[in-house]
Amino acid sequence: MNPQDAWLAAYNQLELQLDRATFDTWMRPAVFLGVEDGVFVIGVQNSYAQDMLQHRLYRTIRRVLADTFGRESDIRFDVHKAEAKASAPLLEAEDAPLFRFLAQQTKASQLPETSETQDSLFKQVQRSTSRPELLGIELNPRYVFDRFVVNKSNQVVYEAALAVADYPATLYNPFLIYGGVGLGKTHLLQSIAHVCQQKGLRTIYIPSEIFTNDLVTAIRNRTTAMFREKYRSADVLLVDDIQFISGKDTTQEEFFHTFNALVHFNKQIVLASDRHPRELKTLEDRLRSRFQGGLVTDIQAPEYETRLAILEMWTQERELNLSKDTLITIAERAPSSVRELEGVFNQVMAQSRSGQVSMPQVEQTLERFTEVRTYAPLDAILEATAQVFKINVSDLQGASRKSRVNQARQAAMYIAREMTELPLSQIGEILGGRNHSTVLHGIVKVEEDIIADEVYAARIKKVRSTIKS
Ligand code: ADP
Ligand code: MG
C-alpha cells in the first residue's frame, strides 16, 4: 500500500479507535503531506495539536499506521495552514475510502510476485481464513409481538411495526422507531425480525455498535468484501441504537452504501434510535435525510394502564402469587421505562420466593430503582476504563493476564453490562475475543471484589463518572 493510502486507512481506523472528542479535536484536521526520509509528515492546524499528537497520541497513531502500512515508521507533525476542505458532494461509491481501500488491495494482488508481496499475500490469506464467521445477533425469544402490551400510548408504533413485518419493503422503508431507553424499541425490532425470519427471509438484527465493530475487524483483516456481502445479502436489515453511528465517519460512509444497496434491491430496513434523526447532531445530512425518507415513529413511555397490564402479564407468565395491591403500587410508582419496571418486578419476584412480600419491602425496592440509569457506547466505556486504570485500550483487548490489566478488563465487562444492552458474548468479543462465560466470570468477580476492595470500588465509580461527564 502506498504511504498516502496507508495514512488514509490509519486515519479511518483511528477515528473508530479514539474517543470522539479526541479524534475531532486533534486528528480530524490532520492531513498527509508526504514522506521524507522514511518519516511520515502530517500537517496539523496548530502547535497544541502538534504537541498533543507528538506526545500523548503518538504511540497509538504509530501502531495503527504500522498495521496499515505494513512496517514501523516514524511520524512528524508539522504545523500547516489547512486549506478549507471542499465540502464533498454525494460520494460515488468508488470515491469512498473503503472502496479505494479495496481497489488498492486488488491492485496489490496483481503486482509481480516478489517474495515480499508473496509474503504479505500469504499473511492476508492466513488472516482471512482465521477470521470467525460473521453472525447477526441472536434474537431474544421473549421479544415477540404477542408479548408486547398495546395501549393508547404505543398503538401507532405497534401497528406500524406489525405492518412492516407483514409487508416488508412495501409500506414503510426505512421504518424508524425512536424514543427513550427501555420503552420497547428493541422488543419491537426483534418482533419484526422474528416474523420475517419465520417467513424464511434473510434477516439480520444488529446493534449499530456491532456493525461498527464488524467493520473495524473487516478493515483490519482485509475482508471488507465479505463484510459487504453479508450486510447486502439481507432481505431485512434491522439496526438497533443507530444513534451510535453518528460522529463515526467510516461507519456512516459504509452504512450509507449498505443502505442504498438494500433499498435499491427493494429490501426492508428497520432502525431504532434514542432520538429523532434531526436531533442526532453529528449524523451526516445524507444519512439523516435517508433515515427520514420512510416512516419515523416515536415510542412513548407507557401510561399507568399499560404498566399495570405489563406487570399482570409477567405475573401470569411466571405463575407468581403477587397481590393486586402490590402490582398497583408498582405500576403507580415505578419509573416509566419498562426496563426499570422490569428491574423492580424482578426484585419483588425474588423476594416473593421466600414468602409473602410486604408493602414496605415493595416501597424500599421502588426507592432503589428510581435512581436514573445511564447508557453509553462501548468505545467510551473502554476509553474511560483504560484512563482510570492507567493502561491502554489495546491492553484491555489484549492477552495480558497481569493482575492490573485483568482487573481493568473485568471492570470494563462489569460496566459494559451495566451501561449497554449488548449480550455478554458481544462484550467479550470486543474485549479481545473472550467468550460469554469468561465475561460472566469477570462480572461475578467484580461483584465480589467491590465489596472487599474499597480502592477498586472507587475506581469503578470513577469510570462511571468519567463516562457520564
Ligand atoms: P429499548 O430498546 O427501547 O431501550 P427494550 O425493547 O429493551 O427497550 O424494552 C425494555 C424491556 O421492556 C424489555 O424487556 C421489553 O420486553 C419490555 N417492554 C417494553 N415495552 C413493552 C410493552 N409495551 N409490553 C411488554 N414489554 C415491554
Ligand atoms: Mg434497545
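Numbers below:
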item: Cα principal axis extents for the chain, largest first, Å; result: 79, 57, 42
item: Calculated from backbone phi, Karplus (6.51, -1.76, 1.60) coupling profile of the range 201-214 in Hz, x at Gly/Pro; result: 7, 6, 10, 10, 9, 8, x, 4, 5, 6, 4, 4, 5, 4
item: For the range 349-422, size of Cβ-based charge dipole, Lys and Arg +1, Asp and Glu -1, in debye; result: 440
item: Net +/- balance of residues flanking ARG20 in space, Cβ distance below 13 Å, scoring K and R +1, D and E -1; result: -3
item: About the Cα centre, charge dipole magnitude for the range 4-77 (Lys/Arg +1, Asp/Glu -1 at Cβ), debye; result: 180
item: Rh by Kirkwood over Cα pairs, then Stokes-Einstein D for the range 226-311 at 1.306 mPa s and 10 °C, µm²/s; result: 111
item: Mean ellipticity per residue at 222 nm, deg cm²/dmol - from DSSP H runs of n ≥ 4 across the chain, formula -39500 (n - 2.57); result: -17000 deg cm²/dmol
item: Dipole of the chain, positive direction: furthest Cα of ALA21, ILE443, ILE137, with charges on the beta-carbon; result: ILE443
item: For TYR205, residues with placed amide H under 5 Å, excluding near neighbours; result: ILE137, LEU238
item: Sites LEU171 and GLU367 - FRET efficiency at Förster radius 41 Å, r taken between beta-carbons, to 0.05; result: 0.40
item: Antiparallel %, DSSP beta bridges [both residues in the chain], to 5; result: 20
item: Cα-centred dipole magnitude for the chain, charges only on beta-carbon of K, R (+1) and D, E (-1), debye, nearest 20; result: 520
item: Per-residue HN-Hα couplings for the range 138-144 [Karplus 6.51, -1.76, 1.60; θ = phi - 60°; Hz; x = Gly/Pro]; result: 5, 7, 7, x, 7, 8, 10
item: Positive-pole candidate from ILE460, ILE242, THR170, dipole of the chain, charges at beta carbon; result: ILE460
item: Computed lengthening from ASP37 to MET349, 0.36 nm per intervening residue step minus Cα-Cα distance; result: 105.4 nm
item: Residue-count net charge about LEU262 - beta-carbon cut-off 13 Å; Lys, Arg +1, Asp, Glu -1; result: +3
item: Relative contact order of the range 369-469, pairs being alpha-carbon contacts under 8 Å that are 6 or more residues apart, as %; result: 30
item: Length-normalised contact order for the range 283-390 - Cα pairs under 8 Å, 6+ apart - percent; result: 23
item: Radius 11 Å from Cβ of GLY179, net charge of other residues (Lys, Arg +1; Asp, Glu -1); result: 0
item: Overall dimensions of the range 287-440 by Cα: Rg and Dmax, Å; result: 20.1, 55
item: Karplus-derived 3J(HN,Hα), 6.51/-1.76/1.60, for each residue of the range 186-197, Hz, glycine and proline x; result: 4, 4, 6, 4, 5, 4, 4, 4, 4, 4, 5, 4
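Where a number appears in this text, it was derived from the coordinates with a stated rule and is not lab data. Being a predicted model, the structure only gives us computed values, none of them experimental. Don't worry about glycine lacking a Cβ; one is built from the backbone with ideal geometry, like all the others, and counts go over all protein chains shown.
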